[in-house]
Amino acid sequence: MTQTHTIRRPDDWHLHLRDGDMLRAVLPHTSRHFARAIIMPNLVPPVVTAADARAYRDRILAAVPKGDDFTPLMTLYLTEDTDPADVAAAHAEGLITAVKLYPAGATTNSASGVADFTKVAKVLDKMAQIGLPLCTHGEVTDASVDIFDREEVFIDRVLDPIRRQHPDLRVIMEHITTSNAVDYVRANDKNLGATITTHHLVINRNHILAGGIKPHYYCLPVAKREEHRLALRAAATSGDARFFLGTDSAPHTDENKLLPCGCAGCFTAPNTMAILAEVFEQDGALEQLEAFTSLNGPAFYGLPPNGETLTLVRETPQFPAHIDTPDGPVTVFDPAMPLHWTA
Ligand code: NCD
Ligand code: ZN
């Protein structure tokens, strides 16, 4: 049996680093393995202007541990007041890599997101023109739509109309959770990609709800039925260049996860590579791991793959059940299966 597996150094195309003490506590778990990450802008208040992004980027760079080589790829949080000229200037100076669309109220810290999509048409036109991608949180927020259907309905009601109106806009469907999203990506080969998280390859909705409620498996978009998890696994392990890793590692303190109204998010940065190696090996697709974690993402974003490599070793990985932060402990995602690769 092969004892090591070497891939190009991976990138994370969807990551929450937070700020302040939490940023300093969680960033080393990403920069240890990942060379670059698309940084989510849903701080409180959100990262909406070029000036916000510059200041946040500098705080992230100041928190990178000595000896680690890590580049944050910044995003702006799209609001109905976003100025197309500010976005274009930030892109021109190389400050931002994408713009993030949160439907208002869809998830953690999304109150300033978009409610009326006609109000962002000018920004989207400008982005299409300059080749700046749009990252989408693909869930409608209409209370009459069942939470397990919100991604499917978003594709029909919001995403497809936006793509028809702006055919040159490059769009990333982020953290997809359904076979509907996989099918939509497969049916559209122009200007469309999708990220898949580590945890959505491992858990289905039973993990959250059967045998007692498991707040640490609650994230948004919420995990769906097993058939959807299997569709995601088939997409991730297929080598299809439109699918790539975005961990959506989203740390919340245990205190905030375990409330009567607990926060959404799984913290997967410490063990993502170990879990992915397991998943890909289980599916007989270890050879496709590199495409998913290290090649497809850069290709979509028009960036070179990383020059360095990461070697996985066939050894039981060690990672803590939680990490300590000045704000309190943060539980590390439990894959609920034995792992055999250490990154
Ligand atoms: C994210 C967070 O905590 O910021 N939570 C999550 O469940 N994924 C927000 C998001 O990406 O939806
Ligand atoms: Zn996220």
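The values are calculated or read from the model by the stated rules, or taken from the named source; none is laboratory data. In this text the structure is predicted, and so the values were computed from the model without any measurement. Neighbour counts run over all protein chains shown; Cβ positions are idealised from the backbone, glycine included. SASA here: full protein model, heavy atoms, side chains in, ligands and nucleic acids out. Shrake-Rupley method; radii C 1.70, N 1.55, O 1.52, S 1.80 Å.
Could you work out the Rg to Rh ratio of the stretch 75-119, with Rh taken as the Kirkwood radius (inverse of the mean 1/r over all Cα pairs)?
Numbers: Rg = 11.1 Å, Rh = 11.1 Å.
My calculation of the ratio gives 1.00.
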So, in nm, how far is label LYS214 from label THR309 when the simple model puts each one 7 Å beyond its Cα toward the Cβ?
3.5 nm
Picking from GLU174, GLU227, GLU139, which is most flexible by a Gaussian network model of the chain using Cα springs under 10 Å?
GLU227
Can you give the charge dipole size of the stretch 4-342 about its Cα centre, rounded to the nearest 20 debye, using +1 on the beta carbon of Lys and Arg and -1 on the beta carbon of Asp and Glu?
260 debye
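Keeping every protein chain present and rolling a 1.4 Å probe, give me the accessible area per residue for the chain in Å². Could the numbers behind the result be given before it?
Details: 13550 Å² over 343 residues.
In whole numbers, the chain has 40 Å² accessible per residue.
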Might you work out the accessible area of ASP125 for me, using a 1.4 Å probe with all protein chains in place, and round it to the nearest 10 Å²?
80 Å²
Specify the residue with the greatest mean-square fluctuation among PRO84, PRO161, PRO251, computed from a Gaussian network of the chain linking alpha-carbon atoms under 10 Å apart.
PRO161
Using a 1.4 Å probe on the protein heavy atoms only, what accessible surface does THR2 show? Give it in Å² to the nearest 10.
90 Å²
With just the Cα atoms of the stretch 251-293, tell me how far they stretch along each of the three principal axes, in Å, largest first.
42, 15, 13
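Please list, by residue number, every one of the trypsin sites (Lys or Arg not before Pro) in the stretch 227-326 that is coil in DSSP and has at most 10 other beta-carbon atoms within 10 Å. Mind dumping the intermediate values first?
Working: sites: ARG229, ARG233, ARG242, LYS257, ARG314; in loops: ARG242, ARG314.
Filter output for the stretch 227-326: empty list.
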Using the basic label-point model (7 angstrom from Cα toward the beta carbon), what is the ASP183 to LYS119 distance in nanometres?
3.4 nm
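List the trypsin sites (Lys or Arg not before Pro) in the stretch 33-83 that DSSP assigns to loop (not H, G, I, E or B) and whose Cβ has at most 15 other Cβ atoms within 10 Å. Which are they?
When the trypsin sites (Lys or Arg not before Pro) of the stretch 33-83 are filtered for loop state and at most 15 Cβ neighbours within 10 Å, LYS66 remain.
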Cα-based Rg and Dmax for the stretch 191-235, where Dmax is the largest Cα-Cα distance (Å):
11.3, 42
Treating every alpha carbon of the stretch 134-247 as one equal point scatterer without solvent, the Debye formula yields log10 I(q)/I(0) values at q = 0.12, 0.21, 0.23 Å⁻¹ of -0.40, -1.16, -1.35
Greater than 32 Å apart at Cα, pairs in LYS100/LYS214; LYS126/LYS224; LYS66/LYS214; LYS66/LYS119; LYS100/LYS224; LYS190/LYS224:
LYS126/LYS224; LYS66/LYS214; LYS66/LYS119
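Could you work out how much longer the chain between ILE130 and GLU80 gets when fully extended? Use 0.36 nm per residue separation minus the Cα distance between them, nm to one decimal. Mind showing how you got there, number by number?
Details: separation 50, 0.36 × 50 = 18.00 nm, distance 1.96 nm.
Computed gain between ILE130 and GLU80 is 16.0 nm.
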Calculated log₁₀ intensity ratio I(q)/I(0) where the Debye formula runs over C-alpha points of the chain, q = 0.06, 0.08 Å⁻¹
-0.19, -0.34
Under 8 Å for C-alpha pairs, at least 6 residues apart: give me the relative contact order for the stretch 4-342, rounded to a whole percent.
19 percent
Counting only other residues whose beta carbon sits under 12 Å from that of ALA264, what net charge do I get with K and R as +1, D and E as -1?
-1
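Using the beta-carbon distance between ASP156 and LEU95 and R0 = 25 Å, what value does 1/(1 + (r/R0)^6) give for FRET efficiency, to the nearest 0.05? Working shown, then result.
Values: r = 34 Å, r/R0 = 1.36.
For R0 = 25 Å, the calculated efficiency reads 0.15.
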Most to least accessible of MET173, MET1 (protein chains only, probe 1.4 Å):
MET1, MET173
Once neighbouring chains are kept in place and the probe is 1.4 Å, which whole percent of the accessible area of the stretch 4-342 is contributed by carbon and sulfur?
51 percent
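How far, in nm, would the chain grow between GLU226 and ARG54 when pulled straight, counting 0.36 nm per residue and subtracting the alpha carbon separation? Kindly include the intermediate steps, with their values, before the conclusion.
Details: separation 172, 0.36 × 172 = 61.92 nm, distance 4.11 nm.
Answer, rounded to one decimal: 57.8 nm.
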So for each of 96-109, 183-196 I average, over its residues, the number of other beta carbons within 10 Å; can you give me the resulting order with the highest mean first?
96-109, 183-196
